[in-house]
Amino acid sequence: VQLQASGGGLVQAGGSLRLACAASARTYDAFSMGWFRQAPEKEREFVAVMSWNGDGTYYADSVKGRFTISGDNAKNTVYLQMNNLKPEDTAVYYCAADRWGTDYSSPMKYNFWGQGTLVTVSS
């Protein structure tokens, strides 16, 4: 499975962006697709994840209520709608995919990664 992330850019604080992650092949129901981010000199951190089979959607506390993850199975695409963006959201955002598991927030779990898309939020 190859993943292609897009939608990053420069936005002012309080603004919105929508990221998209397109998969090259069907990710089956047992798969999860998630978003991580990495700011300069920081470790990659979990943002959000969803499973195709209804296991649910989960968010990091720092983005809960502002970000929404959703998927279009017909297009093999997952979206991350980011509202009320803050300067601390500035990072390279990566999408990832792998089988669903309770360790969904660990980057180590995922074997498939997109190339990353830069989100910059100015104050």
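The values are calculated or read from the model by the stated rules, or taken from the named source; none is laboratory data. Model, not experiment: these values are computed from the prediction. In this analysis, Cβ positions are derived from the backbone assuming ideal geometry, glycine residues included, and neighbour counts consider all displayed protein chains. In case anyone asks, the SASA skips ligands and DNA or RNA and just uses the protein heavy atoms, side chains included. Shrake-Rupley method; radii C 1.70, N 1.55, O 1.52, S 1.80 Å.
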How about the stretch 18-35: which of its residues are of a type outside the set (Phe, Trp, Tyr) and open to solvent by 50 Å² or more (accessible area, probe 1.4 Å)?
-> ARG18, SER24, ARG26, ASP29
Among residues belonging to the stretch 53-79 that are within 21 Å of ALA30 (Cβ to Cβ) and among the aliphatic types (A, V, I, L, M), point out the one that is surrounded by the fewest Cβ atoms within 10 Å (Cβ to Cβ).
-> ALA74
Determine, yes or no, whether GLN38 is surrounded by 15 or more Cβ atoms within 10 Å (Cβ to Cβ), in contact (Cβ under 8 Å) with a residue 24 or more places away in the chain and under 15 Å from the mean Cα position of the chain (by Cα).
-> yes
Taking the stretch 42-52 on its own, how many of its residues are at pLDDT below 95 and either open to solvent by 30 Å² or more (accessible area, probe 1.4 Å) or among the small types (Gly, Ala, Ser) (or both)?
-> 2
Kindly check whether there is at least one residue in the stretch 45-53 that is touching a helix residue (DSSP H, G or I) at 6+ places or on another chain (Cβ under 7 Å), over 18 Å from VAL121 (Cα atoms) and free of Cβ contacts under 8 Å to residues at least 60 places away in the same chain.
-> yes
Looking at this structure, is GLY8 in contact with a Gly (Cβ under 9 Å, 6 or more places away or on another chain), open to solvent by 20 Å² or more (accessible area, probe 1.4 Å) and not hydrophobic (A, V, I, L, M, F, W, C)?
-> yes
Does GLY15 meet the test of being open to solvent by 40 Å² or more (accessible area, probe 1.4 Å), assigned to a loop (DSSP other than H, G, I, E, B) and of a type in the set (Gly, Ala, Ser)?
-> no
Here the residues within the stretch 27-86 that are of a type in the set (S, T, N, Q) and either under 25 Å from VAL1 (Cα atoms) or assigned to a helix (DSSP H, G or I) (or both) are THR27, SER32, GLN38, SER51, ASN53, THR57, THR68, SER70, ASN73, ASN76, THR77, GLN81
Hey, ASN111 hits all of (1) open to solvent by 60 Å² or more (accessible area, probe 1.4 Å); (2) under 24 Å from GLY14 (Cβ atoms); (3) in contact (Cβ under 8 Å) with a residue 12 or more places away in the chain but one; which does it fall short on?
-> (2)
